[in-house]
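Any read-out appearing in this document is the output of simple, stated calculations on the displayed coordinates, not a laboratory observation. These numbers were taken from a predicted model, which means no experiment stands behind them. Cβ atoms come from the backbone with ideal geometry, glycine included; neighbour counts cover every protein chain shown.
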Amino acid sequence: MAQQTFSGVPGDFSAGQVLTAADMDKLREFLLYLIKDGDETDTGEVSPLILDLANDRIGINEATPVYPIHVSTNDNRPIGIVSSVAGSYLDMRDTDTSGEGYVSIGAVGNELRLVAGGYLRATVEADGDVFIAGALALSGETAAGNQLDDYEEGTWSPTYVSSNGDMTGVTVNATYTEGQYQKVGRWVTCTFFLGTTAISDVGTGYAWVSGFPFDKSNRRAYTRASSSAAGVLHNFVTRGPEWIWLYDNGSTAYLSYFPGTAAGYVTLGVSNLSTAASRNGFFATVTYETDD
């Protein structure tokens, strides 16, 4: 910084010297001179810091600040906060000084974090993924029923079982068999293909598909979710499934077909499942409500 001069400034000071009130006033005036630029014709140097004492404001590169702290710059990154410990946060508080009434915005590594009331509420990761601690309310919805608080997607493993629990040696066709699901709130949509390479013993009773990722809701009595079983791709013994049915409080689907008679739908018996290789293949999609 270029040399600054100011008339009336005290001269040399010695250790332990006590300044008079007049010396203190002059020193204080000189410090304000340095901060507030002083007479620019003395050195041609301009300080970036302005104290607006009349309005209790600070300006940085702003001679007439209109905010308590006012920064004017042509740099798109005007403020930098660097911490010597992990994480760097900017705190904002209201009149509550109990430690709960504040919000912090911080950088931890490559993550952006939002802390409110002492708890982590949201995180934006380096790859752009966003995690929130509460429900997602669109358009200012305040009713819990109109907020999204659960979303999930993944895979599941469908397989055959018998209604009497005595089917053995089921080997699914790994090339084709797969299950996928998407859960939005209480509603689950499952898509799957199921086929077998072998069944040791089909057992007795009816043929069911098990392994659905969530139990069906039993909020309402005697309700069921159904879907058409599209595309029987590998042979069954006599008839393949045309419909699948999920009943209350369960994760197992009944299979049925329509024989074209007045009897209506017929539940698929295990005797329709073949024990030969590359058999019993079909795919379907079903949407149902869950309590999970």
(request) Determine the shape class of segment 239-292: with a ≥ b ≥ c the square roots of the Cα gyration tensor eigenvalues, call it rounded for a/c under 1.5, and otherwise prolate if a/b is greater than b/c, oblate otherwise. (result) oblate
(request) Sort ARG113, ARG121, ARG93 so the one with the fewest other Cβ atoms within 10 Å of its own Cβ comes first. (result) ARG93, ARG121, ARG113
(request) Please report the orientation-averaged projected area of segment 151-289, defined via the convex hull of its C-alpha atoms, in nm². (result) 8.2 nm²
(request) Project the alpha carbons of segment 89-133 onto their principal axes and report the range along each, largest first, in whole Å. (result) 36, 19, 11
